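Here's the structure, in structure tokens; my notes come after.
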Amino acid sequence: MCGIVGYIGWQKAQDVVMNGLEKLEYRGYDSSGIATIFNGQLKLSKYKGRLSVLSKHLEEDPHQGHVGIGHTRWATHGQPSDVNSHPHINESNSVAVIHNGIIENYRELKKELIDEGYIFKSQTDTEVVVHMIDKYLKTSVDILSAVNMAVSRLRGAYALGIISKADPDKIIAVRKESPLIVGIGDGENFFASDIPAILEYTREIYYVDNDETAVISKDDIIFYDKDKNIIKKDKFTITWDMDAATKGGYPHFMLKEINEQPKAVADTILRRIDENNNLILDDIRIDDTQIQNINDIYIVACGTAYNAGLIGKYVIENIANIRVRVDIASEFRYNKQFINDKTLVILVSQSGETADTLAAQKLAKAKGCRILSITNVVGSSVARNSDDVFYTLAGPEIAVASTKAYTTMLAAFYMIGIELAKLKREISINEYHKIVELLKKLPQKVEETLKTEEKCIEIAEKIKNAKSAFYIGRGLDDSVGKEGALKLKEISYIYTESFAAGELKHGTIALIEENTPVIAVLTQDKLLEKTISNIQEVKARGAYTIIITDKDSNDIANYADDIVVVPKVYDLFSSILAVIPAQFIAYHTSIKKGNDVDKPRNLAKSVTVE
Ligand code: AGP
């Protein structure tokens, strides 16, 4: 997904902007560019391809300016190409614009501008912004007024960065729906779409909210609200450091993040338990009466967060006895919703900036639902617009393939489920304390599960040439399989599907041939025999069968070609361990195939377009 960075101050803008863009590479992109102003001239360099392509050109023809903006583009309108790359400039080469998001009404604006004589060079939606600013500059007193006029014409999502020869000592940054932060320096200031881009220079930041504009000069930052009034904003201090956002000795972010799970799960769980085994969920302020008022719960999310929601549903339904529905965020708006002020909507999003999830949030709010979000990013859009926020404390997740965010989301659901069960009096206080005691042991069990890596490397070797693969399981294990399948396909590019084990025989079993890998997740005691029968069905048809289980391997040795054993925990918590071998299998298969594990093809870390 696109990344943006801007700089104004005493350093060379090219150095800071390029450094920032490198830190955003993990978001996924297909082209990049930079624009600076120096001695009254606006200079532009932009190219299709990796940042190294842009760097090479900058070595030959460097930028000297101390004010600049830069962009990594992930194509939405128009193919990846030099001309479609950002920044975009106006015809007189006096204004440059970078943009994250999508301008929904760009076609009508483009037509209007073409009718007025503007010539478009690119196929992007963004180019309308720069021409619109140019148009209003002709009648405005300054660049800020022109930007305001132009922005008032836009519909959609945008984080914009604008520089202009008319006012070379300022950068203007505007936000609607796309993430934007402003970093505070000494004799220099920054803006970016994401914190790692500027963390090397400052920890003091402002989160820009929807419809706000920042006018950034080297010694000053002024914020305006949507009515153009100057506003005062609170600063945030970033507590995590660059080390947490870099590989720290591991060959890939994904492997680092898999190995960080014991700590991430411990951070998420342990500080929320007091010495008497009570959960301290002080961010969730739903009281006793409100809980009794809740008829049902909707969990809404995308991708891995959705898969975590499937586990959340099982946990909450089984322990708290509340009906839960899980919806894919991009479908939520278009489905028939049975939501009202008696519905609790739980939004799950690692980044807190996923466009589909934000759109679902808007709708749920409009319908009067109480919104509880589970997110990993403090101050993110999802968090700021929720009634209650449960922060997973996984630290920055950089690899596109989500790992520690998923396990900490499960930890969040376990805690929410247990607390709801207590509040709804579905479990006695005694049971409550016993389950919390079991929860406290989970980080240690996650640590022990990391020992499964060796076995997973062997399995990766055996499946690396497979054309397709399958995960099967029942109940919670089926949901773990969904996440295992997503991991394997997104980074190994092996077509992988996950099925409820009993459903295979209704069609999918036709796809099983000699050596097709079938990975069965087997942790639920009550479903053990049934799933074992389904494993036998695929084994009889030549499948290479692997079982991920917490059972004694001697008891099931005859049922599979390979077995990965994870520690035994309380049945309801088993998924947080069973998923770890699935992560390792995906990671090592991808490595063995020579893929770019952290930046898989066609994918972006944070999907900020609908
Ligand atoms: C999973 O590995 C992916 N990175 C993707 O499915 C991701 O979980 C999804 O895009 C949702 O992101 P979010 O949690 O930041 O909202």
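Only one of Leu528, Leu522, Leu476 is at negative phi, at pLDDT below 90 and either open to solvent by 40 Å² or more (accessible area, probe 1.4 Å) or away from the ligand (no atom under 16 Å from the Cβ) (or both); which? Outline the logic, then answer.
On the way: Leu522 fails: at pLDDT below 90; Leu476 fails: at pLDDT below 90.
Criteria check complete, one pass: Leu528.
Of the numbered conditions (1) modelled with pLDDT under 95; (2) farther than 21 Å from Tyr306 by Cα; (3) within 27 Å of the chain's Cα centre (by Cα); (4) not hydroxyl-bearing (Ser, Thr, Tyr), Ala500 satisfies every one except a single condition; which is it?
(2)
Give all pairs with beta carbons closer than 6 Å in which a residue from the range 439-460 that is under 13 Å from Phe573 (Cα atoms) and modelled with pLDDT of 95 or more meets a residue that is open to solvent by less than 40 Å² (accessible area, probe 1.4 Å) and polar (S, T, N, Q); count only pairs at least 6 apart in sequence or on separate chains.
Pairs found: Val446/Gln261.
Looking at (1) within 21 Å of Leu572 (Cα to Cα); (2) open to solvent by 20 Å² or more (accessible area, probe 1.4 Å); (3) modelled with pLDDT under 95, which is the one condition that is false for Ala264?
(2)
Scanning the range 445-473 for residues that are among the basic types (Lys, Arg) and assigned to a helix (DSSP H, G or I), which turns out surrounded by the fewest Cβ atoms within 10 Å (Cβ to Cβ)? Quick ask: steps written out before the conclusion?
Going residue by residue through the range 445-473, those that are among the basic types (Lys, Arg) are 445, 451, 455, 462, 464, 467.
Subsequent filtering for residues that are assigned to a helix (DSSP H, G or I) retains 445, 451, 455, 462.
Working: Lys445: 22, Lys451: 12, Lys455: 18, Lys462: 15.
The qualifying residue surrounded by the fewest Cβ atoms within 10 Å (Cβ to Cβ) is Lys451.
Could you say whether any residue in the range 308-319 is within 14 Å of the ligand (Cβ to nearest atom), closer than 30 Å to Glu426 by Cβ and surrounded by fewer than 24 Cβ atoms within 10 Å (Cβ to Cβ)?
Yes, that holds for at least one residue.
Does Ile222 fit the bill of being at pLDDT 95 or above, more than 27 Å from the chain's Cα centre (by Cα) and surrounded by 22 or more Cβ atoms within 10 Å (Cβ to Cβ)? Before the answer, list the steps.
On the way: at pLDDT 95 or above: yes; more than 27 Å from the chain's Cα centre (by Cα): yes; surrounded by 22 or more Cβ atoms within 10 Å (Cβ to Cβ): no.
No; evaluated as a whole, the condition is false for this residue.
Mind listing just one residue for me: the one in the range 479-497 that is among the hydrophobic types (A, V, I, L, M, F, W, C), more than 14 Å from Ser468 (Cβ to Cβ) and crowded, with 24+ Cβ neighbours inside 10 Å and, of those, nearest to the ligand (Cβ to nearest atom)? Break it down into steps so the answer makes sense when it comes.
First, pick out the residues of the range 479-497 that are among the hydrophobic types (A, V, I, L, M, F, W, C): 480, 485-486, 488, 491, 494.
This time we only want the ones that are more than 14 Å from Ser468 (Cβ to Cβ), so: 480, 486, 491.
Then keep just the ones that are crowded, with 24+ Cβ neighbours inside 10 Å; that gives 480, 491.
Working: Val480: 14, Ile491: 8 Å.
Once the filter is applied, the top-ranked residue is Ile491.
Among what's in the range 584-597 and is within 16 Å of Lys256 (Cβ to Cβ) and open to solvent by less than 10 Å² (accessible area, probe 1.4 Å), pick the residue that is farthest from the ligand (Cβ to nearest atom).
Applying the first criterion (within 16 Å of Lys256 (Cβ to Cβ)) to the range 584-597 yields 584, 586-588, 590-591, 596-597.
From the residues that got through so far, the ones that are open to solvent by less than 10 Å² (accessible area, probe 1.4 Å) too are 584, 586-587, 590, 597.
Numbers: Phe584: 15, Ala586: 9, Tyr587: 12, Ser590: 12, Val597: 12 Å.
Out of the qualifying residues, it is Phe584.
Cβ-Cβ distance below 8 Å, separation of 6 or more or different chains: which pairs start in the range 379-404 with a residue that is of a type in the set (Phe, Trp, Tyr) and end on one that is surrounded by fewer than 20 Cβ atoms within 10 Å (Cβ to Cβ)?
These pairs meet every condition: Phe390/Leu281; Phe390/Asp283; Phe390/Ile284; Tyr391/Asp283; Tyr391/Val378.
The values are calculated or read from the model by the stated rules, or taken from the named source; none is laboratory data. This is a predicted model, so every value here is computed, not measured. Using ideal geometry, Cβ is built from the backbone for each residue, glycine included, and neighbour counts are taken over all protein chains shown. For the accessible areas, the whole protein counts, side chains as well, though only heavy atoms, and no ligand, DNA or RNA atoms are used. Shrake-Rupley method; radii C 1.70, N 1.55, O 1.52, S 1.80 Å.
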